[in-house]
Amino acid sequence: MGEREFVAMMAMLMALQALCIDAMLPALGQIAADLGVSDPNSRQLVIAVYLVAGGFGALIPGSLADRYGRHRVLFGSQAVYLLQALDCAVVTDFTVLLVLRALQAIGSAGLSVLPSAIIRDRMAGDKMAKMQSTVSMVFMLVPAIAPTFGQLILLFASWRWIFAVMAVMAVAMWIWVHLRLPETLRPENRQPIRPRAIGANMWEAASTRESIGYVLGSALVMGGLFGYINCSQQLVAEHFGAGETFPLIFGATALAMAGASFTNARIVEHFGARRVSHTALIAFIAVSAAQVWVASWPHQSLWQFMLLMAANKCLIGFIGANFGSIAMQPFARIAGSASSVIAFLRMLIGSSVGAVIGLAYDNTARPLALGLLATALLSLGLVLWSEHGRLFRRIYPKGTPREVIDPR
């Protein structure tokens, strides 16, 4: 498989999960009305439950993929995604919908876990960071268009058809993966399915200092982003009055992340993943502080909010892929288990933080701004801990030619 096709496939596997989140945003009001939900903040649970359950589900596929290979686990995840999407399309009770969303997130967690393991099977170091940035660039195009995709379906049909289209896309991805993706797990790296071995692998991934600070730091930054996603329909469409232009505005900020990932893929091998991501995190803190200040103004406008939010989402494009690449570096032998633990912590912590931020919504942008600033400051502290207090270093993987490390 060529590199372009590989990038597109990894991005689209991850995008199935993103579509299950962002395509629902324009439909939350209709879902709440159709299923008899009276509390306006309760509609956020359609998103929040999926994110939290996906975090727990992430613990399962990595260990299975380390034993049985990436192919089988991917096929199982796609099958669950398909079946639960069809179930959600015919549900008539809001509580049942939340249960089905949770089951879908748990069963299809391999779609978000395994692409990182597959990439780690093929490469390491800043080259891996470059590949993850390229995948993220393509992947980010889906959140950019997903709300518009959902809104387009709502123009012609009910919200139930959003789930039906997701099912069709799952079938298309199953065929593509089956025909084109070779098994990437090396035979010598297969791990036994024994509780002690699985526990040891997961503990190694969760206790390695060089990795875990980046995992937790990334989870907190993503928690701020999830907080924005949870309350974006109420904040942007209703409070700031964007109305039916909300999907386009939401998509424009997602494109900022895609642009950042594109730029990161071009510069990360030159400057190094640590230098780029540390600089972006400090800039993120500065922009978040500006958001807190602007949110305190008596009459904050939509464009004042969106420009700062777009800047922060752009900076996340420089943080996410690089933090993920750095966190995966020590785990070539147990890439599947490590990817599961990393995805579990990132999703569970991120979705929980995002739910708290979203449910704190008070018809202003202040809770979101304070949440973004707090999570960024905590993230910086965790990165400093992982790096023993030293930022902007560049560390090369073993086997890097000396002329690359020291061109002189």
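The values are calculated or read from the model by the stated rules, or taken from the named source; none is laboratory data. All values derive from a computational prediction rather than experimental measurement. Using ideal geometry, Cβ is built from the backbone for each residue, glycine included, and neighbour counts are taken over all protein chains shown.
If you go through the range 333-378 and pick out every residue that is closer than 22 Å to R120 by Cα and of a type outside the set (A, V, I, L, M, F, W, C), you end up with 6.
The residue pairs whose first member lies in the range 252-279 and is closer than 21 Å to A8 by Cα, whose second member is part of a helix (DSSP H, G or I) and aromatic (F, W, Y), and whose beta carbons are closer than 6 Å, counting only pairs six or more residues apart or on different chains, are A260/F318; N264/F318.
Of the helices (runs of 4 or more DSSP H) lying entirely inside the range 301-397, the ones with 3 or more residues being under 28 Å from V135 (Cβ atoms), among the hydroxyl-bearing types (S, T, Y) and in contact (Cβ under 8 Å) with a residue 40 or more places away in the chain are found at 335-359, 366-386.
One line per residue, one yes/no per condition, for (1) within 20 Å of G350 (Cα to Cα); (2) at pLDDT 90 or above; (3) crowded, with 24+ Cβ neighbours inside 10 Å:
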residue: A237; (1), (2), (3): no, no, no
residue: I249; (1), (2), (3): no, no, no
residue: A260; (1), (2), (3): no, no, yes
residue: E269; (1), (2), (3): no, no, no
residue: R275; (1), (2), (3): no, yes, no
residue: P298; (1), (2), (3): no, no, no
residue: Q304; (1), (2), (3): no, yes, no
residue: L307; (1), (2), (3): no, yes, no
residue: R333; (1), (2), (3): no, no, no
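Tell me whether the range 289-297 contains one or more residues that are of a type outside the set (A, V, I, L, M), assigned to a helix (DSSP H, G or I), in contact (Cβ under 8 Å) with a residue 60 or more places away in the chain and in contact with a Ser or Thr (Cβ under 9 Å, 6 or more places away or on another chain). Within the range 289-297, not a single residue is of a type outside the set (A, V, I, L, M), assigned to a helix (DSSP H, G or I), in contact (Cβ under 8 Å) with a residue 60 or more places away in the chain and in contact with a Ser or Thr (Cβ under 9 Å, 6 or more places away or on another chain). Give the range 145-183 a look and list any residue that's of a type outside the set (S, T, N, Q), under 19 Å from Q30 (Cβ atoms) and not in a helix (DSSP H, G or I), or say none. Once the filter is applied, which keeps residues that are of a type outside the set (S, T, N, Q), under 19 Å from Q30 (Cβ atoms) and not in a helix (DSSP H, G or I), the range 145-183 yields A157, W159.
Quick check on the range 321-332. Is at least one of its residues of a type in the set (G, A, S) and either under 16 Å from L382 (Cβ atoms) or touching a strand residue (DSSP E or B) at 6+ places or on another chain (Cβ under 8 Å) (or both)?
First, pick out the residues of the range 321-332 that are of a type in the set (G, A, S): 321, 324-325, 327, 332.
Add one more test, that the residue is either under 16 Å from L382 (Cβ atoms) or touching a strand residue (DSSP E or B) at 6+ places or on another chain (Cβ under 8 Å) (or both), and what stays is 324, 327.
For the range 321-332, residues of a type in the set (G, A, S) and either under 16 Å from L382 (Cβ atoms) or touching a strand residue (DSSP E or B) at 6+ places or on another chain (Cβ under 8 Å) (or both): present.
Please enumerate the residues belonging to the range 211-268 that are among the hydroxyl-bearing types (S, T, Y) and either touching a Gly at 6+ places or on another chain (Cβ under 7 Å) or over 24 Å from L391 (Cα atoms) (or both). Result: S218, Y228, S232, T245, T253, S261. At pLDDT below 95, within 30 Å of N41 (Cβ to Cβ) and of a type outside the set (D, E): is that true of R393 in this structure? No; evaluated as a whole, the condition is false for this residue. Has the range 100-109 got any residue that is over 26 Å from S232 (Cα atoms) and either within 20 Å of the chain's Cα centre (by Cα) or surrounded by fewer than 23 Cβ atoms within 10 Å (Cβ to Cβ) (or both)? So far as the range 100-109 goes, yes, one or more of its residues are over 26 Å from S232 (Cα atoms) and either within 20 Å of the chain's Cα centre (by Cα) or surrounded by fewer than 23 Cβ atoms within 10 Å (Cβ to Cβ) (or both). When the residues of the range 42-80 are filtered to those that are of a type in the set (F, W, Y) and either under 17 Å from the mean Cα position of the chain (by Cα) or not in a helix (DSSP H, G or I) (or both), which remaining residue is modelled with the lowest pLDDT? Ranking the qualifying residues of the range 42-80, first place goes to F56. Within the range 27-82, the residues that satisfy the criterion of being within 24 Å of G350 (Cβ to Cβ) and of a type in the set (S, T, N, Q) are N41, S42, Q44, S63, S77, Q78. Restricted to the range 167-220, and to residues there that are small (G, A, S) and at pLDDT below 90, the residue that is farthest from the chain's Cα centre (by Cα) is A197.
Cβ separations smaller than 9 Å between residues 6+ apart or across chains give the following pairs from the range 153-172 residues that are within 23 Å of E244 (Cα to Cα) to residues that are in a helix (DSSP H, G or I) and of a type in the set (S, T, N, Q): L154/Q30; S158/Q30; W159/Q30; F163/Q84.
Scanning the range 204-215 finds one or more residues that are within 12 Å of G320 (Cβ to Cβ), in a helix (DSSP H, G or I) and not aliphatic (A, V, I, L, M).
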